[in-house]
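Have a look at the structure below before the remarks.
Read-outs throughout are calculated quantities, based only on the coordinates presented, and are distinct from any laboratory measurement. In this text the structure is predicted, and so the values were computed from the model without any measurement. Virtual Cβ from ideal backbone geometry, glycine too; neighbours counted across all protein chains shown.
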Amino acid sequence: MRKDFKNIATFGKFSISLPIALSCYIAFVLFTGQPGWNGILAATGIFFMSAGASALNQFQEQNRDKLMQRTQNRPLPLGNFSKRKALLMIVLFWIIGTSILLTFNLSAVIWGWAGVVWYNLIYTPLKTRTAFSVFPGAVVGAIPPIAGWCAAGGSALDFRIHFIAFFFFLGQMPHFWLLVLKYKNQYKSAGFPVITDHLSNSQVVRINLIWFIATFISALFLPILDIITKETTSWIAFISSIMMIIWIIRSTIETTKAKSPNQLRKQFIYFNSFYLWIMLLAIADKI
């Protein structure tokens, strides 16, 4: 039973689908102005839509996954799932996700499926064709907040959700390129073009600095645009962003000088922790 759940969780990338669902929940709370079970339900719908998209991605890339150490222990390369069982599980994920989102409105369903289509039919094929697929791929990270906003009754034309989506979009680039710097040899062995085919590691690190700073600066606008409204949480977000800007500049200098993989690992952990921190602040702001 435990092994079966582990296989299902790995196939649906639950560890990735959970923060994606959280971004949906954050947008729901920011629109309604209060945390609640409805937001959790909407996030659950996006969680299953994301799990289905992640599972289909593994189905699409199962032959390449066999060639990479970081992915060769997934259920399909190991033969833990038959193709028929894998497809049934993908459909089940989507049925659950769609059914949940339908309890809110059609807009939530449309945006939920928009993420699936963009991820599996646009981003996934581009990964094998260009090292710059991260740019259209980053759009995937901007869609779940829009789905949460619309599920709460908000309009997709509202400038506030545009900015929230933009905030999540920005973070996708440095997140992915840090993974490339760590696993570039595995990506190349599986036939994926990588950014280091065109730029040196040091150049990628310096470009990443721009994306890092852009993300941290964008967080400063959350209080300005009245997305975060309380004075205390606004000041915490401001101080956190400034501290991260100072830290990432120092870390990048150390990385380019010493070429330390440990610094890249810290950047990955701290950057993703910053996103989680800002999301928790957004929830606290509405309590």
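Which value, in debye to the nearest 20, gives the size of the charge dipole of the chain about its Cα centre, when Lys and Arg are +1 and Asp and Glu are -1 at the Cβ?
The calculation lands at about 1240 debye.
Report the full-extension gain for the segment THR256 to LEU225: residue separation times 0.36 nm, less the Cα-Cα distance, to one decimal in nm.
7.6 nm
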Using a Gaussian network model of the chain whose springs link C-alpha atoms within less than 10 Å, name the residue from SER50, SER82, SER202 with the highest mean-square fluctuation. SER82
Computed about the Cα centre, the charge dipole of the range 1-157 from +1 Lys/Arg and -1 Asp/Glu charges at the Cβ has a magnitude in debye, to the nearest 20, of 680
Restricting to lysines and to Cα separations under 16 Å from LYS286, and discarding same-chain partners fewer than 8 apart, the set is LYS230
Volume per residue of the C-alpha convex hull in the chain, rounded to whole Å³: 127
Want the number for VAL91 to ILE207: 0.36 nm per residue separation, take away the alpha-carbon distance, what's left? 37.9 nm
Using the alpha-carbon centroid of each, what span in Å lies between the range 103-137 and the range 221-281? 27
Local electrostatic count, TYR119, Cβ distance below 13 Å [Lys/Arg +1, Asp/Glu -1]: +1
Taking the Cα centre of the range 131-287 as the origin, how large is its charge dipole in debye, to the nearest 20, when only Lys and Arg (+1) and Asp and Glu (-1) carry charge on their Cβ atoms? 620
